[in-house]
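Below: one structure, written as structure tokens.
FYI, it's all coordinate maths here, none of it is from the lab. The shown structure was predicted, so the numbers you read here are calculated from the model rather than taken from an experiment. Heads up, the Cβs are rebuilt from the backbone with ideal geometry, glycines too, and the neighbour counts pull from every protein chain shown.
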Amino acid sequence: MKQKVQEYFIYFMLYSMIGWLYEVFLEVAVYRWGFSNRGVLFGPYCVIYGTGALILLCSLGKLMEKRIYIGKALVTPVLVFFGIIAVTTAVELTGSYIMEALTGGWAWDYRRFAFNFEGRIALNPSVRFGIGGMIFLYVFQPLFVKMTKRMSPAVLRAVSGVLAAILAADGAVLVVKSFL
């Protein structure tokens, strides 16, 4: 059980870092707004991506293993895609309220998109998260599982411990700064 927690914490951090890279890429290369730290914390990670990825793994992992057909057509990936959209939209909406409570605002504004709710969620980003979630679950996750399975228990413990210490220190700095 302890080893599973360490593996999932490493997945959380990897997905948080990938999310940060994705957000920075959008800002710099796509929207050309220039660089800004897209995370709530100070390090190169967006914990909402890590949280969302873990929720996807826990909520849709069993569905991914099933082979559901309509006639002769395998529809499991389609069901997973729509599941990802539902889960990530709920995570993003919840995350916006948590961020607003902790920091006074949230890190995105979707008012420019059609079919948005209070600028917190919108159809366009939800579909993009559906596509990204498919990449997370079907491409990255198998690679991350192989990586963590190759680690000895001591290396797994050390890597997850160092990452946890960095994240805890970063969170502590955020808390201290919010009270100053």
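Among (1) 17.0; (2) 17.7; (3) 16.6, which is the computed Kirkwood radius over Cα pairs in Å? Checked against the structure: label (2). In a reduced charge model with +1 at each Lys and Arg Cβ and -1 at each Asp and Glu Cβ, the stretch 42-170 shows a dipole moment near 660 debye about its Cα centre. Rounded to whole numbers, the Karplus 3J(HN,Hα) couplings from phi for the stretch 122-139 are 7, 4, 4, x, 5, 5, 4, 5, x, 5, x, x, 4, 5, 4, 6, 9, 10 Hz, using 6.51 cos²θ - 1.76 cosθ + 1.60 with θ = phi - 60°, and x at Gly and Pro.
Excluding same-chain pairs closer than 8 in sequence, count the lysine pairs in the chain whose Cα atoms lie under 20 Å apart.
Details: Lys2/Lys146; Lys2/Lys149; Lys4/Lys62; Lys4/Lys146; Lys4/Lys149; Lys62/Lys146; Lys62/Lys149.
So the count of such lysine pairs works out to 7.
Per-residue 3J(HN,Hα) values for the stretch 10-26, derived from phi via the Karplus relation 6.51 cos²θ - 1.76 cosθ + 1.60 with θ = phi - 60°, read 4, 4, 4, 5, 4, 5, 5, 5, 4, x, 4, 4, 4, 5, 5, 4, 4 Hz in sequence order (x marks Gly and Pro).
At a Förster radius of 35 Å, what calculated FRET efficiency corresponds to the Cβ-Cβ distance of Val5 and Ala29, to the nearest 0.05? The partial results should precede the final answer.
On the way: r = 36 Å, r/R0 = 1.02.
The computed FRET efficiency comes out at 0.50.
If a paramagnetic tag sat 7 Å from the Cα of Ala114 along the Cα-Cβ line, which residues of the stretch 121-135 would have the backbone N under 19 Å from that point? Under cut-off, by backbone N: 121-130.
For the pair the stretch 1-30 and the stretch 100-157, the centres of their Cα atoms are 8 angstrom apart.
Between Tyr22 and Val173, what length in nm is gained on full extension when 0.36 nm per residue of separation is reduced by their alpha carbon distance? Could you put the intermediate results ahead of the total?
On the way: separation 151, 0.36 × 151 = 54.36 nm, distance 2.42 nm.
That pair, Tyr22 and Val173, stretches by 51.9 nm at full extension.
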